[in-house]
Amino acid sequence: MNRIIGTTLACAGLLTATAACGGSDSGGESDGPVTVTVMTWESPETNTAIKKALEGFKDDNIKVELVDTPSGGYGDKLASLTQAKKLPDLFWCGNDTEQQYTSQGLLVDWSKRLDSGDGELKADKFVGSAMENWKTGDGQMGGLPSLMNTYGVWYNADAFKAAGIAEPKGGWSWDEMYAAAGKLAGKNGAKYGLVADQLTSLDGPFTMSMYSVSAGGAPFTDNVNRPTKAEIDGKFTEGVEKLAAAIKSGAVAPPGYDASNVPALFSGGKVPMMFGGQWLAAGFQTDKPKIKYGFAPFPQVQTPTTLYDSVGICTPQYTKNEDASYKVLEYINTKVWDAVLPASPVAPPAYTPAQESYFSALTKAGQNTVVDTVKADLAAEKTVGVRFTTQWASQVGDLTTAMYQPILNGKKPVSDLQGYVGKINELIKSQG
Amino acid sequence: MSRNAGSDVRAGYLFIAPAIIGFTVFVAYPLVRSFYLALTKYNGLTDPVFVGLANFRRLFTVDPAFWPSLRATGYLVVLYVPLSLAIGLALAMFCNQRFAGVRIVRTLAYLPVVLPAVATITLWKFILDPQVGLLNTVLEKLHLPTSTWLQSPTMSMPSIVLVMLWGVGGTMIIFLAALQAVPTELYEAARVDGAGPYAVFFRITMPMISPIMLLQVILQTTAALQTFNQPKILTGGGPGFSTNVLMLSIYNNGFSNLGRIPQLGYASAQVWVLFILIIAVIALTAKFSSLWTYSDNTPD
């Protein structure tokens, strides 16, 4: 028995020693270069371009390593790495992730480093709305915005021509959009004229906010990061009534419509109009849809209004290479996009001096409507946030499913909007 | 106790040690830990904060998703369990016949169980696509009414049940084993007495396989209460809350994606509700089983 116990202890000791020696350590040897790990949610093609571009980073003391990750399961991967406290030195993150992780003290605060002006990055060169939204209530920035997401309406120009409707362009109205959707519905295998997932999904009330703000009304919430209230005024209600009518008539796809396959259906001519982001342009550039397509700004009531949303790059608070990580971060924001975006124009950089390569790539590819719409979005007079970034945002999502979406479907009266917003305000109050 | 007996006891403990350690580490500890977490506000990153029954209060009185989740789970159980048992038994009875190619039929019926679940479910997602899916295409060709299937609040759960029934071969195999264990002399005696097929089925087959039926009811109900893969892959819980079953809700709260901070304490409270629900269903099924199951262990 003693021999068994002895052998067991010896094995355990050996395993412990092996684990101690073989553990992952991005810090590198004390006398060698440190390794900065980078993780993205991009496609394999874009990751290849990023990897190649990162090879241009020259610093004898820093080695950059791109971590492989399946782009489809990025959220799950991020959650498990966070709980295991093994986040890479730099990882792609959304605005809500940055806000929530920063509030938990999980991320390095770059605000002071940025404000000092010592580095290559200058705060005033970033898109203003992105910078504002990446700051927490106490002015921390757990990451830096990297790319801007702009949104609009993708349309099948051939379908519009066949139906004798003028193509959408900046300044078109919501009524014109719904009228066009009504005419296009049921034609050429298209069940609905417009698939507007952003209007009917859990983020729908924020998107609808564009209607009320454009009409001079109130936004759905005063602040997506630190809301003090949610509001549904007369203009907002008017917008909901028009959408519900369009859904009822069959012009617009209802809540619950599976939007995951919609870009493919759009390419195949089965969806004449869809709400979507500018990032689809990169896929269309590669896949070359058979239809002639265009990208228009969102419709408006009076004032041009759009959504603001940016993604960025964060660094865990426990990184061993803070200085090195910031240097690589600077390199990504100022140099990498110039090399990556011409091959894969996914989004305009949030750092404005780096935007030129994105627009010239799209222009070269003949995607002029995308250029015009993205530029119009970035310059829009009024903007609204896409969703709450708070930790209790999922609870608002449940309220939206239970109360807002049935209104759009015509299963509950529009007057229930006040009850819905009242519940959200109770939630805001209870969360302090 | 002799020296040899003591040695045997030690060897016995040694042999069952892996099972005891496994049970302690993977069942008992998580059970106790999850109950503790159900009483806390815990995100997996910072220390749990004790909040008493607040998570349960939120579940039953505030959360707009909880009752619809329970309804969706109940609907799934009510729809799936009887259908899976009926189809499984019918298939088993068919495969219990003697005819050429019966082995091929049995293999084909069991094949979907062997295939990777995710692959099968993903395939069904394409089949059920309302615009380009195979099912609607075939229905259109036959001039039959089509549906939006997974995207319709009324058809989404039946569609999920349809996909789940694809794996009914597992139920069939167990019923087939039970049918083959029924003594043939009972059937022969019934035939001599002039019993028809219905009488044979209800007076011989059903009573004789009723203990296996009880087992199947418990297994299928438990499996249905824990359904996750199909709604996760096919609908994500929608449209609305129509397919947002409890397991999916637990996953979304506990391991919420898109970089949101998880609510592990709240999800643990949901886990305990599900756990109690499963225990209650099994207890009720077992309690009333004597009304419809046959046992030859009755005292003389």
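Under 1.5 on a/c is rounded, so check that first for region A:163-205, then, if it is not, pick prolate when a/b is larger than b/c and oblate when it is not; a ≥ b ≥ c are the square roots of the alpha carbon gyration tensor eigenvalues. Since a/c reaches 1.5 but b/c is at least a/b, the shape of region A:163-205 is classed as oblate.
Scalar couplings 3J(HN,Hα) for region A:143-159, obtained by applying the Karplus form with A = 6.51, B = -1.76, C = 1.60 to θ = phi - 60°, are x, 10, x, 10, 10, 9, 9, 10, 10, x, 10, 7, 9, 8, 4, 5, 5 Hz; x denotes Gly and Pro. Sorted largest first by accessible area at a 1.4 angstrom probe radius, with every protein chain in place, the residues A:E231, A:E120 fall in the order A:E120, A:E231.
Tally Lys/Arg at +1 and Asp/Glu at -1 over every other residue whose Cβ is under 14 Å from the Cβ of B:F66; what's the total?
Numbers: positive: B:R57, B:R58, B:R71; negative: A:D398, B:D63.
The answer is +1.
Applying a DSSP loop filter and a limit of 10 other Cβ atoms within 10 Å to the trypsin sites (Lys or Arg not before Pro) in region B:20-107 leaves B:R98.
To the nearest 10, the accessible area of A:T369 is 50 Å² with a 1.4 Å probe.
Of all chymotrypsin sites (Phe, Trp or Tyr not before Pro) in region B:92-134, which ones are in loop regions per DSSP and have a Cβ with at most 16 other Cβ atoms within 10 Å? Please list the in-between numbers first.
Working: sites: B:F94, B:F99, B:Y110, B:W124, B:F126; in loops: B:F99.
When the chymotrypsin sites (Phe, Trp or Tyr not before Pro) of region B:92-134 are filtered for loop state and at most 16 Cβ neighbours within 10 Å, B:F99 remain.
When the pairs A:K135/A:K375; A:K112/A:K335; A:K51/A:K270; A:K77/A:K382 are compared against a 26 Å limit on Cα-Cα distance, A:K51/A:K270; A:K77/A:K382 fall above it.
Look at the alpha carbon pairs under 8 Å that are at least 6 residues apart: their mean separation over the length of region A:306-369 gives a relative contact order of 25 percent. Relative contact order for region B:157-300: 24 percent, from Cα pairs under 8 Å spaced at least 6 residues apart, divided by residue count.
With the radius of gyration and the Kirkwood radius both derived from the Cα set of region A:349-406, what is their ratio Rg to Rh? Rounded to two decimals, Rg over Rh is 1.20. Dividing the mean sequence gap of close Cα pairs (under 8 Å, 6+ apart) by how many residues chain B holds gives a relative contact order of 28 percent.
Among B:A195, B:A283, B:A177, which one moves the most in a GNM of chain B with springs linking Cα atoms closer than 10 Å? Looking only at B:A195, B:A283, B:A177, the biggest GNM fluctuation is shown by B:A195. With all protein chains in place and ligands, DNA and RNA left out, the 1.4 Å accessible area ranks A:W172, B:W272 as B:W272, A:W172, largest first.
Do me a favour and compute the ellipsoid semi-axes for chain B from its Cα gyration tensor, root of five times each eigenvalue, largest one first, whole Å.
Output for chain B: semi-axes of 38, 33, 19 Å.
Annotation: amide H of A:K63 within the under-5 Å range of A:V34, A:T35, A:V36, sequence separation 5 or more or interchain, hydrogens built in the peptide plane.
Magnitude of the charge dipole for the protein assembly as shown, about its Cα centre and with charges confined to Cβ atoms of Lys, Arg (+1) and Asp, Glu (-1), is about 1640 debye. To the nearest 10, the accessible area of B:Y13 is 150 Å² with a 1.4 Å probe.
Under 5 Å from the amide H of A:N223 lie the amide H atoms of A:T228, A:K229, each residue being 5 or more positions distant or on a separate chain, with H modelled from the backbone and absent for Pro and chain starts. Taking the DSSP beta bridges with both ends in chain A, the antiparallel portion is around 60 percent. Net charge of the neighbourhood of B:V245, taken over other residues with C-beta under 14 Å away and scored Lys/Arg +1, Asp/Glu -1, is +2.
Taking B:L14, B:L134, B:L70 as the candidate residues, the one with maximal mean-square fluctuation in a Gaussian network model of chain B, Cα springs under 10 Å, is B:L14.
Charges only on Cβ, +1 for Lys and Arg, -1 for Asp and Glu: so what's the dipole of region A:133-278 about the Cα centre, in debye to the nearest 20?
Details: 12 positive and 13 negative charges, 69 e Å.
Using only the charged Cβ atoms, the result is roughly 320 debye.
Magnitude of the Cβ-charge dipole of chain A, K/R +1 and D/E -1, about the Cα centre, nearest 20 debye? Mind dumping the intermediate values first?
Numbers: 38 positive and 46 negative charges, 252 e Å.
Once rounded to the nearest 20, the dipole reads 1200 debye.
For the Cα trace of region B:109-228, dividing Rg by the Kirkwood Rh returns an Rg/Rh value of 1.12. Bridgeable aspartates and glutamates around A:K242 (alpha carbons under 20 Å apart, same-chain partners fewer than 8 residues away excluded): A:D175, A:E176, A:D197, A:D203, A:E231, A:D233, A:D416.
Average projected area of the Cα convex hull of region A:246-326, in nm²? Don't jump to the answer; show the numbers that get you there.
Details: hull surface 39.4 nm².
Its Cα hull, projected and averaged over all orientations, spans 9.9 nm².
Projecting the Cα atoms of B:I174, B:S242, A:L202 onto the dipole axis of the protein assembly as shown, where Lys and Arg carry +1 and Asp and Glu carry -1 at the beta carbon, places B:I174 farthest toward the positive end. A convex hull fitted to the Cα coordinates of chain A yields 180 cubic angstrom per residue. Based on DSSP, what percent of beta bridges with both residues in the protein assembly as shown are antiparallel, to the nearest 5? Percentage antiparallel, nearest 5: 60.
Net charge in the neighbourhood of A:Y151 (other residues with Cβ under 13 Å of its Cβ; Lys, Arg +1, Asp, Glu -1) is -3. When only alpha carbons of the protein assembly as shown are considered, Rg and Dmax amount to 30.2, 100 Å.
Per-residue ellipticity at 222 nm computed for chain A from its helices equals -12000 deg cm²/dmol, with DSSP H segments shorter than 4 residues left out and the rest contributing -39,500 (n - 2.57). For chain B, modelled as a GNM whose springs connect Cα atoms under 10 angstrom apart, the maximal fluctuation among B:D63, B:D129, B:D193 occurs at B:D193.
The values are calculated or read from the model by the stated rules, or taken from the named source; none is laboratory data. It should be emphasised that the depicted structure is a prediction, and the values quoted were computed from it without experimental measurement. Because the Cβ atoms are built from the backbone with ideal geometry, glycine has one as well, and the counts that use them run over all protein chains shown. In case anyone asks, the SASA skips ligands and DNA or RNA and just uses the protein heavy atoms, side chains included. Shrake-Rupley method; radii C 1.70, N 1.55, O 1.52, S 1.80 Å.
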